[in-house]
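No value in this document is a laboratory result; all are computed from the given coordinates. Please read these numbers as outputs of a predicted model, since none were measured by experiment. Positions of Cβ are generated from backbone atoms using ideal geometry, with glycine treated the same way; all protein chains shown enter the neighbour counts.
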Amino acid sequence: MSNHSLNPLEKRAAISLASVFAFRMLGLFMLMPVLAIYGQSLAHVSPMWIGLAIGAYGLTQALLQIPMGWLSDKFGRKPIIIGGLIVFALGSVVAATAESIYWVTVGRALQGMGAIASALLALASDLSRDEQRPKVMAVIGMCIGLSFAIAMLLGPMVAAAFGISGVFWLTALLAVFGILIILFVVPNAVQRAPKGDTVATFSDIRRLIKHPQLVRLDVGVMLLHLTLTTLFVVLPGQLIKGGLVAAEHWQLYIPVLLLAFVLMAPLMMVAIKKGKEKAVFLASIIVLTLSALSLVFAVDSVLAIAICMLLYFVAFNFLEATMPALVTRLAPASQKGSAMGVFSSGQFFGAFLGGVLGGYIAEFGEPQGVFAAVACIGLIWLIVAWNMQIPPKSKIISLSVRSSDVGKASEIADKLVMLPGVIEATVVCEENRSYLKIDDKNFDLNQAKQVLGLQ
């Protein structure tokens, strides 16, 4: 089997796991453009509680993402994923049958308790070879991005036809589809990916928090998703005030999102091919900040809001696609899974904080105050990111090690790091694995295998 393409098992794993991810995220995203509008019929509703309901899933996701990953290590990936989807479906049912905003918030928090992202990614790692793993992860990432665009279309349509409860019932149904895919489509894991490729460990987390460049990215993704959920607490209401009825909001969201993806491509080309990653990264934060600031003055015009949101999503899409890659390049070779676990928790925690912040400001102020707050968040992020360092392009591979002796492991690591193209080498005795961060252009896999006695 060629090492340059996905084999049938990897293709099946990539498509099926991406579908589960997409179904689940579709259910979460659909609520964002509609709750502030259709949630007004619920008892005890207020802007603050709308914000809490939008962001509640983020808090439980952030708290449980890493523990669920640990449980998947102990009890198996599929049982934990299926259990998480059942919890997610139950949360959807609670929210669908709720008559007050309080119980909708409880349902949203329960949805977040089905925190299966780390277990899904770990299963994707188990089912793919080292050299093909980035492709599998890319397929999953693309499907998550696509689910956001579809949610902006489906959410307003479903809510207009069936109300806010209809959105939650559809979310529960999608969770059931996800369970069926896990049971009957996703392959059973035939191996375990090394821990550095999967989920976080507590000891690693403490070390990663002290990493100045990784912390900038963890804070960055938190602030990015904080801006997203903050905006959607008030944005749908402003579109209605501008004359665009709720059932037609998709007519704005879909063109804006599709055009934003098209406009993001030149940014990616400049960043990667021209070696301007940091400059484009900082410029994107500036564009995001200015788009939010412009909303303060464009609050009553649908066309002006559309232009501002186009700029926002061009920047958002670039930053969302760029940061995970930077995390994997910055992370120590043996702690990639831990680094991504911390990063994902920051992402979900930002979603929670955004709902709280947007709801609080909308409760006691005007929508312009919410947009101004988002601009301030962007400015804070710009300051945090200003001195960030862009690491050299690299990839991480892991190879088995036959020796479990600590002294021998240190000797092997010293030999590996001297090989051409090896940026960093770590040998973990407990796992009988070596982790190499490499420059793929100068690295010779056969040389590394000779050092490890695998040839």
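Table for the structure above
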| item | result |
| --- | --- |
| Lys pairs, the range 200-391 - Cα-Cα below 27 angstrom, 8 or more residues apart or on other chains | 7 |
| Net charge, V280 excluded, C-beta distance under 14 Å - Lys, Arg +1, Asp, Glu -1 | +2 |
| The range 35-69 versus the range 239-267: alpha-carbon centroid distance in Å | 23 |
| Size of charge dipole - the chain - debye, nearest 20, with Cβ of Lys, Arg +1 and Asp, Glu -1, no other charges | 940 |
| Tilt relative to the chain, helix 101-113 - C-alpha long axis, 0 to 90 degrees, to 10 | 10 |
| Under 13 Å from K437, Cα to Cα: aspartates and glutamates that are on another chain or at least 8 residues apart | D130, E131, D197, E424 |
| Cross-link partners of K74 among lysines (Cα-Cα below 19 Å; sequence separation of 8 or more within a chain) | K195 |
| Column: log10 I(q)/I(0), Debye, Cα scatterers of the range 1-196, q = 0.08, 0.13 Å⁻¹ | -0.27, -0.67 |
| log10 of Debye I(q)/I(0), alpha-carbon scatterers only, for the chain at 0.08, 0.11 Å⁻¹ | -0.46, -0.87 |
| Two-decimal Rg/Rh across the range 370-455, once Rg and the Kirkwood Rh are taken from alpha-carbon atoms | 1.28 |
| Cα-based helix-to-principal-axis angle, 336-364 vs the chain, degrees rounded to 10 | 10 |
| Sequence-separation-based contact order of the chain, relative, with Cα cut under 8 Å and 6+ spacing, percent | 21 |
| Using a Förster distance of 25 Å, the FRET efficiency for M269-L382 (Cβ separation, nearest 0.05) | 0.65 |
| Degrees, to the nearest 10: 302-330 long Cα axis against longest axis of the chain | 20 |
| Whole-angstrom Cα spans of the range 90-164 along principal axes, big to small | 50, 26, 12 |
| Cα centroid separation - the range 326-346 against the range 128-170, whole Å | 23 |
| Angstrom value of the Kirkwood radius, inverse mean 1/r, which spans all Cα pairs in the range 200-391 | 17.3 |
| Sequence of H225, H44, H211 once ranked by neighbouring C-beta atoms within 10 Å, starting from the fewest | H44, H211, H225 |
| Within the chain, helix-based [θ] at 222 nm, where runs of 4 or more DSSP H residues each add -39,500 (n - 2.57), nearest 500 | -25000 deg cm²/dmol |
| Pair S41, F184: separation of 7 Å Cα→Cβ label points (nm) | 3.4 |
| Residue-count net charge about M323 - beta-carbon cut-off 13 Å; Lys, Arg +1, Asp, Glu -1 | 0 |
| Dipole of the chain [Lys/Arg +1, Asp/Glu -1 at C-beta], most positive-end residue of M388, A409, M157 | A409 |
